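The values are calculated or read from the model by the stated rules, or taken from the named source; none is laboratory data. Please read all numbers here as calculations on a predicted model, not as lab measurements. Cβ placement follows ideal geometry from the backbone for every residue including glycine, while neighbour counts extend to all protein chains displayed. With ligands, DNA and RNA removed, areas are computed over all heavy atoms of the protein, side chains included. Shrake-Rupley method; radii C 1.70, N 1.55, O 1.52, S 1.80 Å.
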Amino acid sequence: MTDPLQAAALNLEYPFIGRWMVQNSPADRVPSHGTPRFASSFAIDFVPVDESLRSARFGVVSLLRPEPPEKFAGFGRPVTAPVDGTVAAVHDSAPDHPAYRGLPSLGYALTQRSRIEAGWRELAGNDIMIDTGSAVVALCHLQRGSTRVQVGHRVRAGDLVGRCGNSGNSTEPHLHLQAFDSLDVEHATAVRIRFAGGVPRNGALVHV
């Protein structure tokens, strides 16, 4: 039997190729990121991984110090449009900061509240918003200087639009995707999404 909630969801294509691991999926909990703020109730994260299903090798340095994002398998990996639409917003100037795992991730977590209070821009980092006509899809944490589109451009699903980065509220290179009903993110309502008729759960490997 078809889930009526999923039947009403915005159908998307996966916005990448290669191997990506699912995190913070709305298939496991809603709100998926622990808060409904910024219309993020149905947001989902994809972490690019290598053939060993690791984002990067973890060692003593990882435990004790921040790491350069270039060390990670997915940094700079192509990101594609998940849907046909018109580019409604582009931000491309936020720096890619170090990645935080191990002990550094604890310190980074303590600064989470300040980033939330700073608003959408501080959280999203470099992002692209695509207006489908019925919803707006945001692709976040992109690599600085990697966007390939401008406001007003028409894109089709599968078009290259940018590259995976570590900008904004990100502990390691990954892609954050969400949909909402207005460009005014502070007051928008979250829109459900689905891929090939469903939503992958946390820990699932998506290989496109």
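Does the range 178-203 hold any residues that are in a strand (DSSP E or B) and open to solvent by less than 40 Å² (accessible area, probe 1.4 Å), and which are they?
Passing the criteria: Gln178, Ala179, Phe180, Ala190, Ile193, Phe195, Gly198.
From the list Glu67, Glu51, Glu13, which one is farther than 18 Å from Met129 by Cβ and open to solvent by 40 Å² or more (accessible area, probe 1.4 Å)?
Glu51
Report the residue count in the range 77-115 for those that are outside any strand (DSSP E or B), modelled with pLDDT of 95 or more and over 26 Å from Arg19 (Cα atoms).
The qualifying residues number 1.
What is the one condition in (1) under 22 Å from Ile17 (Cα atoms); (2) in contact (Cβ under 8 Å) with a residue 24 or more places away in the chain; (3) in contact with a strand residue (DSSP E or B) (Cβ under 7 Å, 6 or more places away or on another chain) that Ala157 does not satisfy?
The number of the failed condition is (3).
Would you mind finding the one in Leu103, Leu123, Leu175, Leu139 that is in contact (Cβ under 8 Å) with a residue 40 or more places away in the chain, open to solvent by 60 Å² or more (accessible area, probe 1.4 Å) and of a type in the set (A, V, I, L, M, F, W, C)?
Criteria check complete, one pass: Leu103.
Got a number for residues in the range 36-66 being in contact (Cβ under 8 Å) with a residue 60 or more places away in the chain and not aliphatic (A, V, I, L, M)?
10
Identify all residues within the range 116-170 that are over 13 Å from Val90 (Cβ atoms), assigned to a loop (DSSP other than H, G, I, E, B) and aliphatic (A, V, I, L, M); write none if there are none.
Matches in the range 116-170: Ala135, Ala157.
Checking Arg19 against (1) over 21 Å from Arg54 (Cβ atoms); (2) in contact with a strand residue (DSSP E or B) (Cβ under 9 Å, 6 or more places away or on another chain); (3) charged (D, E, K, R); (4) modelled with pLDDT of 95 or more, which test does it fail?
(1)
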